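Asks: Following this message is one structure expressed as structure tokens.
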Amino acid sequence: MEIFKILAIALITCVATLIVKQVKPDFASLVTLAGGIIILLMLVDYINQVFDVLNYIVEKTNLSPGLFSIVLKIIGIGYLTEFTANICTDAGSSSIASKVLLAGKIIILVMSLPILTNIIDIIVGILP
């Protein structure tokens with residue numbers, strides 16, 4: 001199963017980071033980043049499957065492709081923000097991590113405004 005490969009890479013990355021941190025502390029963050037990127041690359045096929053299902057749902061429900069792309073961007077921003085914040089935290093920069101999370105939340109809020117206005121328009125259209 002793929003999860004066992006991912007878990008193995010995660011554990012190897014953690015051990016390698018601890019070893020590198022003792023020898024060359026400057027490179028420990030790079031080892032963590034490399035391990036994270038490898039794990040993300042292993043997930044590409046699964047991410048494609050998710051997009052295929054979501055596209056199928058959009059086709060069957062006649063949702064606006066523009067709104068659907070906004071939702072996908074919001075999901076992507078959420079994951080990337082969390083991933084980046086975790087790397088910053090692992091590197092010892094928790095203050096930067098909190099700023100990254102705040103920025104992600106604000107961007108998600110701004111990007112969700114068209115969806116909210118669309119929902120309000122639908123509700124107003126239903127009301128007499």
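Asks: Might you let me know whether the stretch 101-111 holds any residue that is part of a helix (DSSP H, G or I), of a type in the set (D, E, K, R) and closer than 23 Å to Ile6 by Cβ?
Replies: Our first condition is that a residue be part of a helix (DSSP H, G or I); within the stretch 101-111, this holds for 101-111.
Still in the list and also of a type in the set (D, E, K, R): 105.
Subset that is closer than 23 Å to Ile6 by Cβ: none.
There is no residue in the stretch 101-111 that is part of a helix (DSSP H, G or I), of a type in the set (D, E, K, R) and closer than 23 Å to Ile6 by Cβ.
Asks: So, one more: Can you report the number of residues in the stretch 54-83 which are under 25 Å from Ile122 (Cα atoms) and assigned to a helix (DSSP H, G or I)? Steps first, answer last, please.
Replies: Looking only at the stretch 54-83, we keep the residues that are under 25 Å from Ile122 (Cα atoms), and these are 54-75.
When the remaining residues are screened for being assigned to a helix (DSSP H, G or I), the result is 54-61, 65-75.
Summing the residues that are under 25 Å from Ile122 (Cα atoms) and assigned to a helix (DSSP H, G or I) in the stretch 54-83 gives 19.
Asks: Let me ask something else about it. For the stretch 1-49, which residues satisfy the criterion of being closer than 20 Å to Thr89 by Cα and not in a helix (DSSP H, G or I)?
Replies: Once the filter is applied, which keeps residues that are closer than 20 Å to Thr89 by Cα and not in a helix (DSSP H, G or I), the stretch 1-49 yields only Lys24.
Asks: Just to verify a result, which residue in the stretch 87-104, among those that are surrounded by fewer than 15 Cβ atoms within 10 Å (Cβ to Cβ) and without any contact (Cβ under 8 Å) to a residue 12 or more places away in the chain, is nearest to Asn48 (Cα to Cα)? Let's see the steps before the verdict.
Replies: Step one: list which residues in the stretch 87-104 are surrounded by fewer than 15 Cβ atoms within 10 Å (Cβ to Cβ), which gives 92, 94-95, 98-99, 102-103.
Subset that is without any contact (Cβ under 8 Å) to a residue 12 or more places away in the chain: 92, 94-95, 99, 102.
Values: Gly92: 33, Ser94: 32, Ser95: 33, Lys99: 30, Leu102: 28 Å.
If we take residues in the stretch 87-104 being surrounded by fewer than 15 Cβ atoms within 10 Å (Cβ to Cβ) and without any contact (Cβ under 8 Å) to a residue 12 or more places away in the chain, then Leu102 is nearest to Asn48 (Cα to Cα).
Asks: Quick one: in the stretch 45-81, which of the residues that are small (Gly, Ala, Ser) and at pLDDT 90 or above is surrounded by the fewest Cβ atoms within 10 Å (Cβ to Cβ)? Steps first, please.
Replies: Going through the stretch 45-81, the residues small (Gly, Ala, Ser) turn out to be 64, 66, 69, 76, 78.
From what is left, the residues that are at pLDDT 90 or above are 76, 78.
Working: Gly76: 11, Gly78: 14.
The extreme case among them is Gly76.
Asks: Any idea how many residues of the stretch 82-128 are of a type in the set (Gly, Ala, Ser), within 17 Å of Val71 (Cβ to Cβ) and touching a Ser or Thr at 6+ places or on another chain (Cβ under 9 Å)? Spell out how you get there, then give the answer.
Replies: First, pick out the residues of the stretch 82-128 that are of a type in the set (Gly, Ala, Ser): 85, 91-95, 97-98, 103-104, 112, 125.
Retained after the next criterion (residues that are within 17 Å of Val71 (Cβ to Cβ)): 104, 112.
So of that shortlist, the ones also touching a Ser or Thr at 6+ places or on another chain (Cβ under 9 Å) come out as 104.
Residues in the stretch 82-128 being of a type in the set (Gly, Ala, Ser), within 17 Å of Val71 (Cβ to Cβ) and touching a Ser or Thr at 6+ places or on another chain (Cβ under 9 Å): 1 in total.
The values are calculated or read from the model by the stated rules, or taken from the named source; none is laboratory data. Predicted model, so just to flag it, every value in this text is computed and none were measured. Neighbour counts are summed over all protein chains in view; Cβ atoms, including those assigned to glycine, are modelled from backbone coordinates with ideal geometry.
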